[in-house]
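Nothing in this text is a laboratory measurement; each read-out follows from the coordinates by a stated rule. None of these values were measured; they are calculated from a predicted model. All Cβ positions, even for glycine, are placed from backbone atoms using ideal geometry, and neighbour counts span all protein chains on display.
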Amino acid sequence: MRIDIATLFPEMCETVLNESILGRARRAGYIAFACHNIREYTTDRHGRVDDYGYGGGKGMVMQPEPIQRCFTDVCAKLGKRPHVIYMSPQGNVLTQQRCMELAKMDNLFLLCGHYEGVDERILEEIVDEEISIGDYVLTGGELPALVLADAVARMCDGVLAASECYEEESHMGGLLEYPQYTRPEEWRGRRVPEVLLSGHHQKIADWRQAQRLARTKQKRPDLFARYPLTKADRKLLIKYELGPQQDGEK
Ligand code: SAM
């Protein structure tokens, strides 16, 4: 997969994309990122890419033409049109499910707004979908684009050591993940649950599933209410005494 990011602050994005797991995956060729400075596509001799909004108001608005020129250039370099996402507080809120779908695409083009945002006409012209990272407003689309790039990239082949690394995680399959422990076996009087030291694979798997169910029910009742509880799940909850079933619960 390749992710192109159109931004006024490419260095801000590069810094993050060159670090840690994404940086390693990028250098190893499992994923490609390219950050484009929209300012390089303006024809204004002072390098301006924004102007006052029609109708008044305080903020500046990013002009459509530099963004269009940047997009056209990326399309020419790729030899095809990527799926275009505008990072926007007005978009659908990003979910793990949407990240999984996006991870199957070959090319994504992420447009980062700044100031009051971008001229509406560029959205009509090139954007396929708008994605938000939550119901709050940030100063720019760079952090949201990096959040999306990270969440999507880690599900691309080779980026993590194995697909199991993300398949059992929170939000995969509708539940939160079970608790994790590492050495030492006892820390400040708190012991690692005995079952994890037993070496008994089935018992460990059952305990983990019971924990997933219990902590989703406790921490995210909204997710739990949507989760299709099986007979086996119900038995596990009872076996591990992780909360009696309430009236009306599935
Ligand atoms: N005037 C816009 C509005 O009220 O909808 C907000 C503009 S915001 C200050 C500047 C840019 O930050 C946006 O163009 C967008 O790219 C990005 N942004 C801000 N909050 C975001 C969020 N929650 N999710 C994704 N992008 C966001």
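If you average the sequence gap of Cα pairs under 8 Å that are 6 or more apart and divide by the length of the chain, what percent do you get for the contact order? List each step's numbers first, then the result.
Numbers: 353 pairs, mean separation 45.0, N = 250.
That works out to 18 percent.
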What is the list of residues in the range 55-80 whose amide nitrogen lies under 20 Å from a point 7 angstrom out from the Cα of residue 137, following Cα to Cβ? 55-64
May I ask for the net charge around residue 63, where only other residues with Cβ less than 9 Å from the Cβ of residue 63 are counted and Lys, Arg are +1 while Asp, Glu are -1? -4
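With charges only on Cβ, +1 for K and R and -1 for D and E, what is the dipole size of the range 56-98 about its Cα centre, in debye, rounded to 20?
120
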Among 224, 33, 71, whose mean-square fluctuation peaks in a Gaussian network model of the chain (Cα, cutoff 10 Å)? 224
Calculate, for residue 232 and residue 19, the FRET efficiency according to 1/(1 + (r/R0)^6) with r their C-beta to C-beta distance and R0 41 Å; round to the nearest 0.05. 0.50
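Just to verify a number: FRET efficiency for residue 125 and residue 242, C-beta to C-beta distance, R0 = 45 Å, to 0.05? Present the calculation step by step, with values, prior to reporting the outcome.
Values: r = 53 Å, r/R0 = 1.17.
FRET efficiency, residue 125 to residue 242: 0.30.
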Please give the FRET efficiency for residue 116 paired with residue 219, using the beta carbon to beta carbon distance and R0 = 22 Å, rounded to the nearest 0.05. 0.05
Between the range 24-73 and the range 154-215, how many Å separate their Cα centres? 42
What are the semi-axes of the equivalent ellipsoid for the range 1-99, taken as the square roots of 5 times the Cα gyration tensor eigenvalues, largest first, in whole Å? 27, 18, 14
What is the list of residues in the range 161-198 whose amide nitrogen lies under 11 Å from a point 7 angstrom out from the Cα of residue 30, following Cα to Cβ? 161-166
Give me the log10 of I(q) over I(0) for the chain at q = 0.07 Å⁻¹, as the Debye formula computes it from C-alpha points; what are the numbers? -0.35
Two-decimal ratio, the range 37-81, of alpha-carbon radius of gyration to 2.2 N^0.38 Å: 1.36
